[in-house]
Amino acid sequence: METEVIDTGAIEKVCKKLLSGGIVAVPTETVYGLAARAEDPDAVAKIYAVKNRPSDNPLIVHCSDSKQALRLLKDVPDFAKKLSTLWPAPVTLVGISAVSWPQVQAGHDTIAVRVPKSAFFREVISRVGPLAAPSANISGRPSPTTADHCLQDLDGKISLIVDGGPCTVGVESTVVDCTGDLPRILRPGAITERHIEAFCQLAQTTSGVASPGVKHAHYQPAASVEISTTVPRDSKEDTLYIVKTSIGAKYEKVYSSAEDLARNMFAWFRLADECGLLVVKVQAVEEDGIGVAVMDRLRRAARG
Ligand code: TXA
Ligand code: MG
């Protein structure tokens, strides 16, 4: 299969592909997604096959506005309605499903919904209906934050990639479980505890629905990832150093803030592999704001 990279002007072509049961890689503010019409089980099955995604890991359904998103949930609690006013934003709400899309939900009675910021993506959704979209990487690999990363993983496997430029956030959306009495964060992201607590109290418990995705290996380059809580003092030739201030290593990337690290981290993981490096050593950031999401992804990349 020939893979074509097109720009956001080619919206007709994208809609046509999706309406005929195809899948398309599209930009969002967080990471690139691999989209299929949520109502089309055969198209959704293609996503799992192409990504080699475990069948027990449900997909997020992307909607054009909060009305469309909330309609997919049953008995929406007041706090979830309040949180939905954050949309369009990098936050996903999980609730009891009002629809039955077994592949999308991976057999659960819950469903995850989000309204993305990208005007292009929302326009596509308003024309073709809600779109199921996981990150557009092969499962286990770092999430793609440019069209080029999508091409690295999916060349020859899908026919269309839409290039909307680099993602502005760089880590996946915050996933919030709304099935209990209070919201609970299942996956940290750019929408932080502080944003949520501006609306309502957060649950302190760890009980409730689990995020099935969390148990799978994730975000891993071929190089092994190591986290350093201090400024690394060594300087090895087989290592990419990702640090706050330059240490003069042969391969290094310097980040200015947790936001900057979030935006670039996955691209730098991929770069280490392209350069054939064996180790990526990352200087930790403070676990505050988006730093919580960055450290979550780093720990999962460093695992295994
Ligand atoms: O920012 C994002 O969320 C990106 C862009 C494309 O929107 N999407 C994304 O999708 O990261 P994915 O499939 O890579 O991650 C979805 C996460 C997984 O951890 C999955 O287990 C969880 O959301 N999830 C999906 N449906 C769920 C459900 N019904 N209950 C609990 N967790 C769910
Ligand atoms: Mg993913």
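General observations
- Residue check for A36: under 25 Å from L160 (Cα atoms), surrounded by fewer than 18 Cβ atoms within 10 Å (Cβ to Cβ), away from ligand 2 (no atom under 14 Å from the Cβ) and of a type in the set (A, V, I, L, M): no
- Any hit, the range 124-135, residues being more than 10 Å from ligand 1 (Cβ to nearest atom), part of a loop (DSSP other than H, G, I, E, B), in contact (Cβ under 8 Å) with a residue 24 or more places away in the chain and hydrophobic (A, V, I, L, M, F, W, C): no
- When the residues of the range 61-71 are filtered to those that are buried (at least 20 other Cβ atoms within 10 Å of the Cβ) and in contact with a Pro (Cβ under 7 Å, 6 or more places away or on another chain), the one that is nearest to T110 (Cα to Cα) is V61.
- Among the residues of the range 261-273, those identified as of a type in the set (A, V, I, L, M, F, W, C), out of contact with any strand residue (DSSP E or B) (no Cβ under 6 Å at 6 or more places or on another chain) and either surrounded by fewer than 24 Cβ atoms within 10 Å (Cβ to Cβ) or farther than 21 Å from T245 by Cα (or both) are A267, L271.
- Any chance G276 is modelled with pLDDT of 95 or more and either polar (S, T, N, Q) or surrounded by fewer than 19 Cβ atoms within 10 Å (Cβ to Cβ) (or both): yes
- Lone unmet requirement of (1) without any contact (Cβ under 8 Å) to a residue 12 or more places away in the chain; (2) closer than 22 Å to G180 by Cα for L83: (1)
- Sole residue being away from ligand 1 (no atom under 12 Å from the Cβ) and modelled with pLDDT of 95 or more, chosen from I161, I185, I191: I161
- Subset of the range 115-140 (residues that are within 13 Å of ligand 2 (Cβ to nearest atom), over 12 Å from the mean Cα position of the chain (by Cα) and either surrounded by 22 or more Cβ atoms within 10 Å (Cβ to Cβ) or closer than 22 Å to V99 by Cα (or both)): A132
- Of the criteria (1) among the β-branched types (V, I, T); (2) surrounded by fewer than 23 Cβ atoms within 10 Å (Cβ to Cβ); (3) assigned to a strand (DSSP E or B); (4) within 16 Å of ligand 2 (Cβ to nearest atom), which one V94 fails: (2)
For (1) of a type in the set (A, V, I, L, M); (2) within 24 Å of S257 (Cα to Cα), each residue gets a yes or a no:
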{"residue": "A80", "(1), (2)": "yes, no"}
{"residue": "W87", "(1), (2)": "no, no"}
{"residue": "P90", "(1), (2)": "no, yes"}
{"residue": "S100", "(1), (2)": "no, no"}
{"residue": "G107", "(1), (2)": "no, no"}
{"residue": "T110", "(1), (2)": "no, no"}
{"residue": "T145", "(1), (2)": "no, yes"}
{"residue": "I158", "(1), (2)": "yes, no"}
{"residue": "P166", "(1), (2)": "no, yes"}
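- Qualifying residue in the range 165-173 (condition: of a type in the set (D, E, K, R), farther than 27 Å from A249 by Cβ and out of contact with any Cys (no Cβ under 6 Å at 6 or more places or on another chain)): yes
- Subset of the range 141-165 [more than 13 Å from ligand 2 (Cβ to nearest atom) and part of a loop (DSSP other than H, G, I, E, B)]: T146, D155, G156, K157, I158, S159, G164, G165
The values are calculated or read from the model by the stated rules, or taken from the named source; none is laboratory data. Model, not experiment: these values are computed from the prediction. Glycine gets a Cβ as well: all are built from the backbone with ideal geometry, and neighbour counts include every protein chain shown.
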